[in-house]
Amino acid sequence: VTVYTTNLAGNSRMDVPLFKEINIDGVKVWYFPVILKSWEYSRSFHKKLAETVEDFDIIHADSLFRAPSALGAYYAKKLKKPFVMSPRGILMKEPLLRRHPIIKKIYLDVVEKNNLRQADLIHFTSEIEKREYLEQRLPLKQAIISPNGIDDETFKDLPGKGFFREKYGLKNKK
């Protein structure tokens, strides 16, 4: 597995090695600097993807309304590679109406519907996400619902009831 991503995390840039492969839990990850923050565009990401995309068996775009996913869709179509999209809830009613709904609607109609149409598989994280997607009559060849994973071991040894309130001097609710 190889991941190409940018150094953008929300509104800030991560302090990560750029332009080189690093190993994160056995996964090859490459970070590239963003030059157009609003669309998360990275010229170096684009160049690296163009140079290496033929080596990949499948392309997976994780989210929408961003340059990396649009580029993934473009190269998947160009090279006839299997293409998976994971909207991560961004196409649900509430997120579509939050922040710039008119721009999102135009971009969805002009760019993303074509990307969704060509996706061999769309990965939803819940039944509700899939239902709201279908209610919008967006294109769908095939779908899978697979929730984001949670490691149960992380929550095995939790502190007892009242720990947080006691630690921070908060009164118990009645």
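Couple of notes before you dig in:
- Net charge of neighbours whose Cβ lies under 11 Å from the Cβ of residue 20, counting Lys and Arg as +1 and Asp and Glu as -1: +1
- A simple rule links phi to the HN-Hα coupling: the Karplus curve 6.51 cos²θ - 1.76 cosθ + 1.60 with θ = phi - 60°, which for the range 14-20 gives 6, 8, 10, x, 10, 6, 8 Hz, with x for Gly and Pro.
- Long-range Cα-Cα pairs in the chain (distance over 30 Å), rounded percent: 31
- Backbone phi angles across the range 106-111, fed through the Karplus curve with coefficients 6.51, -1.76 and 1.60 (θ = phi - 60°), yield HN-Hα couplings of 5, 4, 4, 5, 7, 10 Hz in residue order; Gly and Pro are listed as x.
- With all protein chains in place and a 1.4 Å probe, the accessible surface of the range 45-174 carries 55 percent carbon and sulfur.
- Global form of the range 31-99, assessed from the alpha-carbon gyration tensor, a/c cut-off 1.5: oblate
- Once C-alpha pairs closer than 8 Å and six or more residues apart are averaged by separation and normalised to the residue number of the range 1-105, the relative contact order reads 19 percent.
- Most fluctuating residue given options 159, 68, 87, as computed from a GNM of the chain linking Cα atoms under 10 Å: 159
- Charge sum, other residues only, whose C-beta stays under 10 Å from residue 58's C-beta, Lys/Arg counted +1 and Asp/Glu -1: -1
- The spacing between the range 103-174 and the range 1-41, judged by their C-alpha centroids, is 22 Å.
- Anisotropy class of the range 70-146 from Cα gyration tensor, a/c 1.5 cut: oblate
- Length gained when the stretch residue 57-residue 88 is fully extended (0.36 nm per residue, less Cα-Cα span): 8.9 nm
- Net charge of Cβ neighbours under 11 Å - reference residue 36; Lys, Arg +1; Asp, Glu -1: +2
- Other-chain or far-sequence residues with amide H under 5 Å of residue 7's (modelled H): 32, 34
The values are calculated or read from the model by the stated rules, or taken from the named source; none is laboratory data. Computed from a prediction, not measured in an experiment: that's the story for all the values here. Quick reminder, even Gly has a Cβ in these numbers, built from the backbone with ideal geometry, and neighbours come from all protein chains shown. Accessible surface is based on the protein model in full, side chains and every heavy atom, while ligands, DNA and RNA are left aside. Shrake-Rupley method; radii C 1.70, N 1.55, O 1.52, S 1.80 Å.
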